[in-house]
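The values are calculated or read from the model by the stated rules, or taken from the named source; none is laboratory data. Since this is a predicted model, take the numbers as computed values, not measurements. Note that each Cβ is placed from the backbone with ideal geometry, even for glycine, and that neighbours are counted across all protein chains shown. Note: areas computed on protein heavy atoms with side chains; ligands, DNA, RNA excluded. Shrake-Rupley method; radii C 1.70, N 1.55, O 1.52, S 1.80 Å.
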Amino acid sequence: MLDIPVLRWGQPYDSLEKDTVIHFETGEELAQVSQANAAMVQRDLRKVKRAREVLREIPIRELLGMMDKAADLYMNAELPLGNGTQTPDDFARCQSATTGLPEHMCRLNMEKNCFVLKNMEKILDSLTRGLPLEILSTGHGMEERGVPVSYQALSPVLGLVLPSNSPGVHTLWLPIIPMQIGLVFKPGPQEPWTPYRVTAAFFEAGVPREAISIYPGLGDIGAAVLNACPKSLI
């Protein structure tokens, strides 16, 4: 059985307290997931500035190249997960078993996430209305029409409290890393699969480990993430 750790700025942490992820219908135990605690989250998130710093050391166009590579890894590769590995088929089976979503829908969601990662440059161009990518890094610049603009990040990280029953929402946070903003996850208890797999693909593609944390747990962990991160999404 898989033993999945907390991820503290890219470093695995094996907790004494664990939660068992089970098949929604049969009760089969699929994984043991280490549980974070609120004090751990608060202590770790004193270092949020480092997540943005390590990403700003990498030009956005290089990060976009990493997204393209991560898309292929996420969709096709056998990636590390806790004390084992996970193939794409394993991922779809596990996600289906714990969320109740049919396996073919899980694979369709994988394709959607892969599409977003593959087309990240076009998506950023759309989200920023054609803003030159360099302005996201420098904080200021000139639009094509000759108008000076300023861009200032309001947070070094985005905190995310994710659901257990809707693995399709993950496209919302995929553009964050190439915008040189770190990620802090509180995954849904029954759907840890997507944040861990995408994170593993990011790391294999070259994204700095210090840019991402994953804190499994109950409602107090979600509250800690919301309180400690300047900007969050539930």
| message | What does the net charge come to around residue 61 if you take all other residues with beta carbon closer than 14 Å to its beta carbon, with K and R at +1 and D and E at -1? | response | -3
| said: Highest mean first, how do 137-150, 100-113, 187-200 rank when packing is the count of other Cβ atoms within 10 Å averaged over residues? | reply: 187-200, 100-113, 137-150
| request: Note down the relative contact order for segment 172-222 as a percent, whole number, built from C-alpha pairs under 8 angstrom at least six residues apart. | output: 48
| note | Taking Cα atoms, the helix 60-76 axis meets the longest principal axis of the chain at an angle in degrees (rounded to 10) of 20
| request: Round to the nearest 0.05 the FRET efficiency obtained for residue 209 and residue 138 when R0 = 41 Å and r is the Cβ-Cβ distance. | output: 0.95
| note | Here the relative contact order (percent) of segment 75-231, from C-alpha pairs under 8 Å and at least 6 apart, is 23
| Furthest towards positive pole of dipole, 40, 75, 27, structure part segment 9-76, Cβ charges | 40
| said: If Rh is defined by the Kirkwood formula over all Cα pairs and Rg also comes from Cα, what ratio Rg/Rh do you get for segment 26-74? | reply: 1.19
| request: Rank 170, 98, 190 by how far each Cα sits towards the positive end of the charge dipole of the chain (+1 on Lys, Arg Cβ; -1 on Asp, Glu Cβ) and give me just the farthest. | output: 170
| note | So the angle from the long Cα axis of helix 219-228 to the longest Cα principal axis of the chain, reported in degrees to the nearest 10, equals 20
| Of the accessible area of the chain, with the probe set at 1.4 angstrom, what percent is carbon plus sulfur? | 53
| Computed [θ] at 222 nm, helices only, for the chain once each DSSP H run of length n ≥ 4 contributes -39500 (n - 2.57) | -12500 deg cm²/dmol
| Charged-residue dipole, Cβ positions (Lys, Arg, Asp, Glu), the chain about Cα centre, Debye nearest 20 | 880
| remark: Using alpha carbon centers only, segment 176-216 is separated from segment 31-92 by a whole-angstrom value of 3
| said: Using a Cα-Cα cut-off of under 19 Å, which lysines could be cross-linked to residue 47, ignoring same-chain neighbours fewer than 8 residues away? | reply: 186, 231
| query | Out of segment 58-131, which chymotrypsin sites (Phe, Trp or Tyr not before Pro) are coil in DSSP terms and have no more than 12 other C-beta atoms within 10 Å? | reply | none
| note | For residue 57 and residue 76, extending 7 Å from Cα along the Cα-Cβ vector and measuring point to point gives, in nm, a value of 3.0
| said: Let's see if you can work this out: charge +1 on each Lys and Arg Cβ, -1 on each Asp and Glu Cβ, no other charges. What is the dipole magnitude of segment 1-121 about its Cα centre, in debye to the nearest 20? | reply: 840
| field | Long-range amide H partners of residue 214 with built H, under 5 Å | value | 7, 8, 9, 10, 185
| task | Work out, in µm²/s and without decimals, the Stokes-Einstein translational diffusion coefficient of the chain at 10 °C, 1.306 mPa s, Rh from Kirkwood over C-alpha pairs. | result | 88
| Any idea what Rg and Dmax come out to for segment 51-183 if you just take the C-alpha atoms, in Å? | 17.0, 54
| query | residue 83 to residue 43: extension gain in nm, 0.36 nm per residue of separation minus the Cα-Cα distance? | reply | 11.9 nm
